[in-house]
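The values are calculated or read from the model by the stated rules, or taken from the named source; none is laboratory data. Values in this document were obtained by computation on a predicted structure and should not be read as measured data. Please note: Cβ atoms are built from the backbone with ideal geometry, for glycine as well, and neighbour counts cover all protein chains shown.
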Amino acid sequence: MGIETLAGQAAVVPAPAGRHGHLGSFAANASNVATASDAHLTNPAISTETSDGKKSFYLETFGCQMNAHDSEKVSGVLLGRGYRAEENPALADLVLYNTCSIREKAAQKVFARLGDWKTVANGKIIGVLGCVAQQEGEEIFERAPWVSLVCGSASYRKLPELLAQLEAGGRRVTGLDLDTDETFETEITRRDNLIRAYITIIEGCDYSCAYCVVPHTRGPERSRASDAVIAEARRLADAGYSEIQLLGQTVNSYRDPSMRKWSFVDLLRAVATVPGIRRVRFTTSHPNDFYREIVEAIDETPALCDHVHLPVQSGSDRVLRAMRRTYTREEYLQKIEWIRAAKRPISVTSDIIVGFPGETPADFEESLTLLDAAQYDAIFSFTYSPRPYTSAKDLPDAVPEEEKSRRLAVLNERQRQIQIANNEKLVGETFEVLVDARHAARGQWTGRSSSNRLINFTSTRENLLGEYISVRVTRGGPNSLAGEHVL
Ligand code: 5AD
Ligand code: SF4
């Protein structure tokens, strides 16, 4: 189960921070860039320098937090090579899209973006990174001949080499190998978020869920050595970050490849004790690798956030088997029981797909009753989208699109009622909130609790950004809480 999601056919019931949607592009100062006109012959734009002497890049990211963080690392590589970030793609020498292919709509979006450059590439280098790059490979050159770089995430270690080839006038360069046992390490990572920093601890996926393209686009599972992870956490703490999110498609499948042989729980506990780190999150957990020890670690370690994202995908055993999810409804609910039995309340969120081939009304009803049983704080819900390179793509008994959409709406309405009821019960409680935004027009601040609840609140104080403060809940809505700063 990835941590990828896109706006589109999905989730009406919003959920935890930053998992959804178009993640935006890097911003930088605009400047006047002279672009060469004789487009692709020698890729002149890459050697066209701005008045400050630096080549510029524009990088737009789609999809999940893994992609967002990969983009931070790609930007680091580019900045390290002397490039400058540029917020206007029309002015950039190098235009990169870091892409998502988890559902068809996400992949289509990328080709729409590429289409924008058909007649106006003007010597720019256009590059496609990420999952669509891996999935479509050199076909991208056929569909969009003005593209010069195609590189999947498993080959990002080769990026400096690929960039050097482009700088030397290379016309079409690719990084598409999947048979790598390496992870993407870079000296410089450009951090996009001033509050929360990401650390990838495991890349790729060794599961083979029938609907999912991720094992194909991100390759086999590779864990990072624990000392590299801890060193990165220390560096981030020294740089002033206090909240860290550990990332992986199946984050809890982590196995330390070094002599220390730490388990996921060992790593969690160690990151939580790095001086300066006050909050540690992790996503996404696979139910199959979710052990009681994880709950015990959360219970015993205040810095481990009281939130677990544990995608179930379906409430029906028949569908779970067809999806190759490797657990039953009962086994899944057992794990929810462990979480509910913890000494401090732990928030649980999930991903659910409706309309998988062969899903009957009775199967769908089981997903609805699972919502009642699990009492999630939020879900990401999706209509099934057939993907290339997946075993489900040719399955019979497709559910008609209208029926998928109907089921999605029913599911989301059921979940909405659960969230309204549960959030109302929180009125009067006080949460520690890390403040991450101010809405000047509304006179409000926004932040997240350790349980990842979104809380909008008022305060008489100024300059709260990045502060940990106490907020008392005054109202519970379906997707957020309202409150007031307790001074
Ligand atoms: N169709 C619909 N949803 C999908 N997801 C993954 N693949 C597909 C697909 N082919 C959903 C799963 C996963 C989330 C990131 O995206 O719910 O957990
Ligand atoms: Fe997650 Fe399954 Fe996809 Fe792996 S194959 S990323 S476990 S949904």
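Within the stretch 437-455, which residues are under 23 Å from the mean Cα position of the chain (by Cα), over 18 Å from Ala303 (Cβ atoms) and in contact (Cβ under 8 Å) with a residue 24 or more places away in the chain? Steps first, please.
First, pick out the residues of the stretch 437-455 that are under 23 Å from the mean Cα position of the chain (by Cα): 437, 446-455.
This time we only want the ones that are over 18 Å from Ala303 (Cβ atoms), so: 437, 446, 454-455.
If the condition is that a residue be under 23 Å from the mean Cα position of the chain (by Cα), over 18 Å from Ala303 (Cβ atoms) and in contact (Cβ under 8 Å) with a residue 24 or more places away in the chain, then Ala437, Leu454, Ile455 are the ones that fit.
If I go through the stretch 385-401 residue by residue, how many of them are under 18 Å from Thr217 (Cα atoms) and either in contact with a Pro (Cβ under 8 Å, 6 or more places away or on another chain) or within 7 Å of ligand 1 (Cβ to nearest atom) (or both)?
Step one: list which residues in the stretch 385-401 are under 18 Å from Thr217 (Cα atoms), which gives 385-393.
When the remaining residues are screened for being either in contact with a Pro (Cβ under 8 Å, 6 or more places away or on another chain) or within 7 Å of ligand 1 (Cβ to nearest atom) (or both), the result is 385-387, 390, 392-393.
Adding up the residues that qualify gives 6.
Give Ala90, Ala112 a once-over and let me know the one that is over 30 Å from Cys212 (Cα atoms), at pLDDT below 95, away from ligand 2 (no atom under 16 Å from the Cβ) and surrounded by fewer than 20 Cβ atoms within 10 Å (Cβ to Cβ). Full working, then the answer.
Details: Ala112 fails: over 30 Å from Cys212 (Cα atoms).
So the residue among Ala90, Ala112 that is over 30 Å from Cys212 (Cα atoms), at pLDDT below 95, away from ligand 2 (no atom under 16 Å from the Cβ) and surrounded by fewer than 20 Cβ atoms within 10 Å (Cβ to Cβ) is Ala90.
Grab the helices (runs of 4 or more DSSP H) fully contained in the stretch 46-140, keeping just those with 1 or more residues being under 26 Å from Ala168 (Cα atoms) and under 16 Å from the mean Cα position of the chain (by Cα). Don't jump to the end; show me each part of the working.
Numbers: elements: 65-80, 104-115, 130-136.
Output list reads 65-80, 130-136.
Among Ala437, Ala392, Ala482, which is the only one that is buried (at least 17 other Cβ atoms within 10 Å of the Cβ), in a strand (DSSP E or B) and not polar (S, T, N, Q)? Walk me through it before giving the result.
Values: Ala437 fails: buried (at least 17 other Cβ atoms within 10 Å of the Cβ); Ala392 fails: in a strand (DSSP E or B).
Ala482 is the lone residue from the list that is buried (at least 17 other Cβ atoms within 10 Å of the Cβ), in a strand (DSSP E or B) and not polar (S, T, N, Q).
Of these, Ile418, Ile379, which one is assigned to a strand (DSSP E or B), over 16 Å from Arg103 (Cα atoms) and either modelled with pLDDT of 95 or more or out of contact with any strand residue (DSSP E or B) (no Cβ under 9 Å at 6 or more places or on another chain) (or both)? Steps first, please.
On the way: Ile418 fails: assigned to a strand (DSSP E or B).
It is Ile379.
Considering every residue within the stretch 58-80, establish whether at least one is among the β-branched types (Val, Ile, Thr) and more than 27 Å from Tyr198 (Cβ to Cβ). Break it down stepwise before answering.
First, pick out the residues of the stretch 58-80 that are among the β-branched types (Val, Ile, Thr): 61, 74, 77.
Filter once more, so that each one left must be more than 27 Å from Tyr198 (Cβ to Cβ): none.
Taking every residue of the stretch 58-80 in turn, none turns out to be among the β-branched types (Val, Ile, Thr) and more than 27 Å from Tyr198 (Cβ to Cβ).
Mind listing whichever residues of the stretch 246-273 are buried (at least 21 other Cβ atoms within 10 Å of the Cβ) and under 15 Å from Ala228 (Cβ atoms)?
Leu246, Leu247, Gly248, Tyr254, Trp262, Leu267, Val271
Take the stretch 224-240 and flag every residue that is surrounded by fewer than 22 Cβ atoms within 10 Å (Cβ to Cβ) and outside any helix (DSSP H, G or I).
Ala225, Ala239, Gly240
Give me the pairs: first residue in the stretch 421-432 and among the aromatic types (Phe, Trp, Tyr), second residue in a loop (DSSP other than H, G, I, E, B), beta-carbon distance under 9 Å, and six or more apart or on different chains, which are they?
Taking only residues 6 or more apart or on different chains, the pairs are Phe431/Ser450; Phe431/Ser451; Phe431/Arg453.
Under 7 Å between Cβ atoms, at least 6 apart or on separate chains: pull out the pairs that start in the stretch 84-110 with a residue that is without any contact (Cβ under 8 Å) to a residue 12 or more places away in the chain and end on any residue that is crowded, with 24+ Cβ neighbours inside 10 Å.
Sorted first by the residue in the stretch 84-110, then by its partner, the list stays empty.
Regarding the stretch 51-64, can at least one residue be identified that is among the aliphatic types (A, V, I, L, M) and out of contact with any helix residue (DSSP H, G or I) (no Cβ under 8 Å at 6 or more places or on another chain)? Break it down into steps so the answer makes sense when it comes.
We begin by selecting, within the stretch 51-64, every residue among the aliphatic types (A, V, I, L, M); these are 59.
Next, from what is left, pick out any that are out of contact with any helix residue (DSSP H, G or I) (no Cβ under 8 Å at 6 or more places or on another chain): none.
Looking for residues that are among the aliphatic types (A, V, I, L, M) and out of contact with any helix residue (DSSP H, G or I) (no Cβ under 8 Å at 6 or more places or on another chain), one finds none in the stretch 51-64, hence no.
Matching residues to (1) of a type in the set (Asp, Glu); (2) within 16 Å of ligand 2 (Cβ to nearest atom):
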position	(1), (2)
Val348	no, no
Phe356	no, yes
Glu366	yes, no
Glu403	yes, no
Asn412	no, no
Ile418	no, no
Gly428	no, no
Phe431	no, no
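Report, by residue number, each residue of the stretch 209-260 that is away from ligand 1 (no atom under 16 Å from the Cβ), within 22 Å of the chain's Cα centre (by Cα) and among the aliphatic types (A, V, I, L, M).
If the condition is that a residue be away from ligand 1 (no atom under 16 Å from the Cβ), within 22 Å of the chain's Cα centre (by Cα) and among the aliphatic types (A, V, I, L, M), then Ala225, Ala228, Val229, Ile230, Ala233, Leu236, Ala237, Ile244, Leu246 are the ones that fit.
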